[in-house]
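J.: Handing you this structure, nothing more for now.
The values are calculated or read from the model by the stated rules, or taken from the named source; none is laboratory data. Fair warning: this is a prediction, and the values are worked out from it, not measured in the lab. No Cβ is skipped: glycine too gets one built from the backbone with ideal geometry, and neighbour counts run over all protein chains shown. The accessibility values were calculated without ligands, DNA or RNA, using every heavy atom of the protein model including side chains. Shrake-Rupley method; radii C 1.70, N 1.55, O 1.52, S 1.80 Å.
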Amino acid sequence: MAVPTSTFQRHQAIGTREDLADVIYDVSPAETPFLSNVGKVSAKNVLHEWQTDVLATAAANKQVEGDDIANNAVTPTVRIGNYTQILAKTVQISGTQESVDKAGRAGEMAYQMARRAKELKLDLEFALVQNAASSAGSSSTARAMGGLESGLSTNISSGTSGSSTAISGATWTAPTDGTQRTFTETLVKTVIKSMWTNGGDPKIAMVGPASKQNFSGFSGIAANRYMVNSAEPGAIIGAADVYVSDFGETAIVPSRVQRDRTAFILDPEYAAVAYLRDFQTSDLAKTGDSERKQIVCEATLELRNEKAHGKIADLTV
């Protein structure tokens, strides 16, 4: 059917108002599982230090009555450190953009700063769990914290040619990647056993998306079905959230930020984030018809005792 002559249509009209929803939809991930599960402490200098100690191995101990026994050897504590890393995000908004009527947010600066704060938190999570070496920095080079992958050397499982270097003072060396291999329950059991033997309590397994799916297929999951007592359709469970080993329950937590080729098994009591400067916002100098703000955080990883944690490296993803 033809359109009658002189019918005024939408594409000819001038002045039709736009139909723009007054909301902004964002599906970007913002979870920070490591940051959310470990402790929070204050740092007092750019080199944050702590000490570790270990008890002597249990052995036969029997003494002759009345004997004048010899002194036991005393082993000094080990002093470890990590450098604080400065993380920042800066936003500059023109006076015009702040003044015009906008959809989805009342003020441009407030909206953008809220988003940059979330991004900065993700950047901190990223720095904490990477295989990054520490660096004292210089007048032209940024300081860098050693990441979790670099700090673990005792309870680890690596692929062929893979290696880790123990922390020495404030020197954290990035590990060498090895040949990737399949993530198996045997690897998990081996690392959990080593952690427990060394005094750790394997409470959290933090894994990437591929390893999370593999983990769900292991036989040690706490439950893979549940009873439905209503007329409503039941849920199909295709994931494991708790792994039960010979040494207790371990929560399985997926991470979007860590390397998928590495799985961590953690005792959160023995890790913390040390803040020299917690998240803070400041106004920067005004140089024209615009407003400029910066959000800054300066922090480092306090790996209180690496023997309490475990790492399964070089996994096929």
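J.: Of R261, R17, R115, which has the most accessible area with a 1.4 Å probe, and how do the rest follow in descending order?
T.: The residues order as R17, R115, R261, largest area first.
J.: Quick check for you: with a 1.4 Å probe and neighbouring chains kept, what is the accessible area per residue of the chain, in Å²?
T.: Each residue of the chain exposes 60 Å² on average to a 1.4 Å probe.
J.: Keeping all protein chains in place and using 1.4 angstrom, which order do F126, F34, F247 fall into by accessible surface area, from largest down?
T.: From most accessible down to least: F126, F247, F34.
J.: Round to the nearest 10 and give me the degree value, 0 to 90, for the angle of helix 185-197's Cα axis relative to the longest principal axis of the chain.
T.: Relative to the chain, helix 185-197 is tipped by roughly 60 degrees.
J.: Give me Rg over Rh for the chain, both radii from the alpha carbons and Rh done the Kirkwood way, two decimal places.
T.: On the way: Rg = 27.1 Å, Rh = 23.6 Å.
In the chain, Rg relative to Rh is 1.15.
J.: Please report the antiparallel percentage of the DSSP beta bridges confined to the chain, to the nearest 5.
T.: 75 percent
J.: Okay, next question. Across segment 274-285, in residue order, what do the Karplus-derived ³J(HN,Hα) couplings come to in whole Hz, using 6.51 cos²θ - 1.76 cosθ + 1.60 with θ = phi - 60° and x for Gly and Pro?
T.: 9, 9, 7, 9, 5, 4, 9, 10, 9, 7, 9, 4
J.: Leaving out ligands, DNA and RNA, and with a 1.4 Å probe, what % of the accessible surface on the chain is carbon or sulfur?
T.: The computed percentage sits at 51.
J.: Using heavy-atom solvent-accessible surface (probe 1.4 Å) with all chains present, what is the largest-first order of W50, W172, W196? Let's see the in-between values first.
T.: Numbers: W50 25, W172 5, W196 140 Å².
Reading off the accessible areas and sorting them downward yields W196, W50, W172.
J.: Which lysines, if any, have their Cα less than 27 Å from the Cα of K40, not counting same-chain residues under 8 positions apart?
T.: Partners within reach: K89, K118, K121, K203, K212, K293, K307, K311.
J.: Let me ask something else. Note down, for segment 37-85, the three equivalent ellipsoid semi-axes (square root of 5 times each alpha carbon gyration tensor eigenvalue), biggest first, whole angstrom.
T.: Gyration-tensor ellipsoid for segment 37-85: 40, 13, 8 Å.
J.: Also: Length gain on complete extension for the stretch I69 to T182, per 0.36 nm per residue less the alpha carbon to alpha carbon distance? Don't skip to the answer; put the middle values down first.
T.: Values: separation 113, 0.36 × 113 = 40.68 nm, distance 5.32 nm.
Extending this stretch completely gives an extra 35.4 nm.
J.: Average the reciprocal distances over every distinct pair of alpha-carbons in segment 1-116, invert the result, and give the Kirkwood radius in Å.
T.: For segment 1-116, the Kirkwood estimate is 23.8 Å.
J.: Using modelled amide H (1.01 Å from N, peptide plane; none on Pro or chain starts), what sits under 5 Å from the amide H of V38, excluding residues fewer than 5 places away?
T.: Residues meeting the amide H criterion: none.
J.: Still on this model: For A136 and R277, what is the calculated FRET efficiency with R₀ set at 22 Å and r taken between the beta-carbons, to the nearest 0.05?
T.: Details: r = 18 Å, r/R0 = 0.81.
Approximately 0.80, to the nearest 0.05.
J.: Using protein chains only and a probe of 1.4 angstrom, how many square angstrom of S135 are accessible, to the nearest 10?
T.: We get 40 Å² for S135.
J.: What figure in square angstrom, to the nearest 10, would you give for the accessible area of T160 with a 1.4 Å probe?
T.: Accessible surface of T160 is approximately 100 Å².
J.: Please work out how much accessible surface Y270 shows to a 1.4 Å probe, ignoring ligands, DNA and RNA, in Å² rounded to 10.
T.: Here the residue's solvent-accessible area equals roughly 80 Å².
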